[in-house]
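Readers should treat all values here as calculations from the given coordinates under stated rules, not as data from a laboratory. Computed from a predicted structure; not experimentally measured. So basically every Cβ, Gly included, is an ideal-geometry build from the backbone, and we count neighbours across all protein chains shown.
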Amino acid sequence: MAKHAPRETPGPTDLPEVAPAFTTIEITKDYLHFSAAHFTIFSATRRENLHGHNFDVGCVIETLIGSDGLAFDYNLIKDKLKALCDELDERTLLPDQSPYLRFETDGGYLVAIFADERIPFLTRDVLRLPIRNSTVEEFARWFLARLSNDSDVVELPIRSMTVRVSSGPGQWAASRWEHA
């Protein structure tokens with residue numbers, strides 16, 4: 001019977017080679033938030049009253065770890081998310097693709113027309129987004145679309161990305177993209 005050398009337990013620096021090595025990076029920062037007014041439209045005749053939230057934004061990315069032990073400099077993602085939050089901050093967010101909402105301009109006002117209501121806003125206070133409804137579901141989709149179509153982000157070795165938006169504690173919606 002042949003004798004084998006005793007098996008040593010791997011030390012903390014003896015990581016086995018795994019190819020490819022993926023990691024999940026979660027980005028949630030206190031500064032990734034925006035305050036905005038909105039109303040959710042439920043039907044052709046029913047909507048919420050105009051109100052506001054302090055929305056939080058987070059992102060989860062699955063990516064390849066490079067040979068240097070680094071996926072990429074994810075300060076890029078943090079900076080992009082912060083810039084998008086800043087676009088939405090202190091605005092009234094209106095859905096440009098809602099089948100139940102129309103818009104007119106009247107002097108310095110944007111008038112949202114819903115059913116038999118005319119809702120005037122100062123033009124400078126409103127941001128019309130290419131979304132169907134002003135909901136956390138659509139805000140998450142908007143953030144994801146903007147990130148996943150950004151030329152700097154497209155160059156990164158991202159396998160999947162999920163963007164989450166919260167309108168308050170315990171209430172999140174997420175939108176996910178996966179590399180084909």
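The sum of -39500 (n - 2.57) across all DSSP H runs of n ≥ 4, divided by the residue count of the chain, sets its helix-only mean residue ellipticity at 222 nm to -5000 deg cm²/dmol. If R0 is 45 Å, the Cβ-Cβ spacing of L70 and V126 corresponds to a FRET efficiency of close to 0.60. Taking Cα atoms only, the orientation of helix 136-148 departs from the longest principal axis of the chain by about 60 degrees. Answer with a single label: of [x] 0.97; [y] 1.06; [z] 1.44, which was calculated as Cα Rg over 2.2 N^0.38 Å from the structure in view? Correct label is [z].
Structure remark: mean-square fluctuation, Gaussian network model of the chain, C-alpha springs under 10 Å; the largest value among L84, L70, L129 belongs to L70.
By how many degrees, 0 to 90 and rounded to 10, does the Cα axis of helix 75-88 deviate from the longest principal axis of the chain? Between the helix axis and the principal axis of the chain, the angle is about 10 degrees. Each part gets one Cα centre, and for region 20-80 versus region 130-178 those centres are 6 Å apart. Backbone N atoms of region 31-74 closer than 17 Å to the 7 Å Cα→Cβ label point of D106 are not found in any residue.
Average 1/r across all pairs of distinct alpha carbons in region 46-116, invert it, and you get the Kirkwood radius: 16.3 Å. Given R0 = 30 Å, the distance between the Cβ atoms of R118 and E90 translates into a calculated FRET efficiency of 0.80. The GNM of the chain, with springs linking C-alpha atoms under 10 angstrom apart, assigns the highest mean-square fluctuation among A36, A140, A115 to A115.
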